[in-house]
Amino acid sequence: MERTLSIIKPDGVERNLIGQIVSKFEENGLNIAAMKKVRLSKHQAEAFYAVHKERPFFGELVDFMTRSPVVVMCLKGEGAVAKNREIMGATNPEEAADGTIRKLFAKSIGENTVHGSDALETAKEEVAFFFAESEIY
Ligand code: CMP
């Protein structure tokens, strides 16, 4: 059974989309093994996205991710990493497939409503970034 990290970003939480997004995961066979709402500090957002720190959009990304609370979840299921990415759709909503979260809800490549771990190894690090083992069911 794989685990992956999902974040409903500020644009999704601000527009009351938590329920609709969580439903997409559950309808597609993923289980919510852990979930909480958090307001990321600048330090946390910079650390979480450290891999992007040289990118031109890094400052904008950190400002966006800290402007209001996010919902972080540990999703669990068969092939959870790939399944979550399929349900989210492409990073750029203009390229996302019909029915995906980003196609349905995302406004732009920056404000793209959800984050999902990109590989199994990253998923382990990202889940551990937000959750203690004792919080995951
Ligand atoms: P995410 O999957 O959370 O991982 C990195 C994030 O950087 C990405 O989603 C987007 O929100 C953001 N991002 C990627 N490319 C761009 C871009 N060209 N301009 C602004 N933000 C971007």
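Values in this text are rule-based calculations from the coordinates and carry no lab data. Just so we're clear, the structure is a prediction, and the values are computed from it rather than from any experiment. Ideal geometry is used to build each Cβ from the backbone, glycine not excepted, and the neighbour counts take in all protein chains shown.
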**Item:** Efficiency of FRET from Cβ geometry, Ala119 and Glu14, R₀ 25 Å, rounded to 0.05
**Value:** 0.30
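With runs of 4+ DSSP H residues as the only contributors, calculate the mean residue ellipticity of the chain at 222 nm using -39,500 (n - 2.57) per run, divided by the residue total and rounded to the nearest 500. Walk me through the numbers before you get to the answer.
Details: 7 runs with 56 residues, N = 137.
Result for the chain, helices only: -11000 deg cm²/dmol.
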**Message:** What does the C-alpha gyration tensor say about the overall shape of the range 1-45? Classify as rounded when a/c is under 1.5, otherwise prolate if a/b is larger than b/c, or oblate.
**Reply:** oblate
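Going by average Cβ neighbours within 10 Å, how do the peptides 78-86, 35-43 rank, with the highest at the top?
In descending order of packing, they fall as 78-86, 35-43.
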**Request:** Quick one: P(r) of the range 64-126 from all Cα-Cα pairs, 10 Å bins, percents rounded to integers, in order of increasing distance.
**Result:** 22, 48, 29, 0
**Asked** lysines near Lys24 by alpha-carbon distance under 20 Å, same-chain residues fewer than 8 away left out - which ones?
**Response** Lys9, Lys36, Lys37, Lys76, Lys83, Lys103, Lys107
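Rounded to the nearest 0.05, what FRET efficiency do Ile109 and Glu78 give with R0 = 25 Å and r taken as the Cβ-Cβ distance? Could you check?
0.25
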**Asked** What is the ratio of the Cα radius of gyration of the chain to 2.2 N^0.38 Å, where N is its residue count, to two decimals?
**Response** 0.96
**Complete:** What the Cα atoms of the range 1-76 span along the principal axes, largest first and in whole Å, is 36, 29, 18
**Asked** What does the convex hull of the Cα atoms come to per residue for the range 19-62, in Å³?
**Response** 124
